[in-house]
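The values are calculated or read from the model by the stated rules, or taken from the named source; none is laboratory data. Owing to the predicted nature of the structure, the values given are computational and were not obtained by experimental measurement. Methodologically, a virtual Cβ is constructed for each residue, glycine included, from the backbone with ideal geometry; neighbour enumeration extends over all protein chains shown.
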Amino acid sequence: MNRTVGVLALQGAYQKHVDCLSRLGVDTLLIRKASELDQCDGLIIPGGESTTMSLLIQESGMYEPLRDFAQVKPVMGVCAGMIMMSASVDDQRVKPLQIMPFRALRNHYGRQVHSFSADITLDFDADGDTFHAHFIRAPGVETLANGIEVLATCNDESVMIGDGGHIALSFHPELTDDARIHAYWLSNINV
């Protein structure tokens, strides 16, 4: 049975995730309506602009359906998606989905001009090969609850965290040809 992964397509950089999942042989569905979530085994909330994404999620009536989905199926949040997955955020304009118990810090690493790349170690990769991570207006992680697993750090700060089948990332794994992070998350999807 094939897995189908939804990629939230209200706003942001969703196509690169579709491309990465296609390279892994995974069927994808662009999600623009709550009813489309019923067809998905997992969901990616991509990068974008978190205040706009938050507003669009609420205006489209997807806030509760996304929260309900995350109660039973795995979600991966990247950059703005990480912010949306948090329990709280340092910007009142953003209404996070409260999928994972941590506090997100918008633009923690600076504005667009402060974007950078770094080689990081993925704690779940036994081979120990570094991952070339791209941080673009990247959020930070603060106040991790007990039980949250730190899966990668950069300069001693958590940049990839996990909670059951959910993962949230400060950086953009879809901007590389290295599909290890998507493959790791997919291993949490039972079909």
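Set side by side, the residues I99, I189, I181 differ, and just one is within 21 Å of L21 (Cα to Cα), surrounded by 14 or more Cβ atoms within 10 Å (Cβ to Cβ) and within 14 Å of the chain's Cα centre (by Cα), which is I181. Of all residues in segment 99-128, those satisfying the criterion of being out of contact with any strand residue (DSSP E or B) (no Cβ under 8 Å at 6 or more places or on another chain) and either without any contact (Cβ under 8 Å) to a residue 24 or more places away in the chain or within 27 Å of P65 (Cβ to Cβ) (or both) are V113, H114, A126, D127. Scanning segment 49-70 for residues that are in a helix (DSSP H, G or I), under 25 Å from F171 (Cβ atoms), touching a Gly at 6+ places or on another chain (Cβ under 7 Å) and not hydroxyl-bearing (S, T, Y) turns up at least one hit. Which members of segment 121-137 meet the condition of being under 26 Å from E49 (Cα atoms) and small (G, A, S)? Listed by number, the list holds a single entry, A133.
Of the residues making up segment 138-191, those that are of a type in the set (D, E, K, R) and either without any contact (Cβ under 8 Å) to a residue 12 or more places away in the chain or out of contact with any strand residue (DSSP E or B) (no Cβ under 8 Å at 6 or more places or on another chain) (or both) are D156, D177.
Kindly check whether there is at least one residue in segment 19-32 that is under 18 Å from H166 (Cβ atoms) and in a strand (DSSP E or B). For segment 19-32, residues under 18 Å from H166 (Cβ atoms) and in a strand (DSSP E or B): present.
Of the strands (runs of 3 or more DSSP E) lying entirely inside segment 72-191, those carrying at least 1 residues that are touching an Asp or Glu at 6+ places or on another chain (Cβ under 6 Å), at pLDDT 95 or above and within 17 Å of I44 (Cα to Cα) are 157-163. In this structure, S117 does not satisfy being loosely packed, with under 14 Cβ neighbours inside 10 Å, over 14 Å from the mean Cα position of the chain (by Cα) and either polar (S, T, N, Q) or under 15 Å from C79 (Cα atoms) (or both). Those residues that are more than 14 Å from the chain's Cα centre (by Cα), crowded, with 16+ Cβ neighbours inside 10 Å, over 17 Å from Y184 (Cβ atoms) and of a type outside the set (D, E), I need them from segment 135-157; list them, please. Result: R137, L144, C154.
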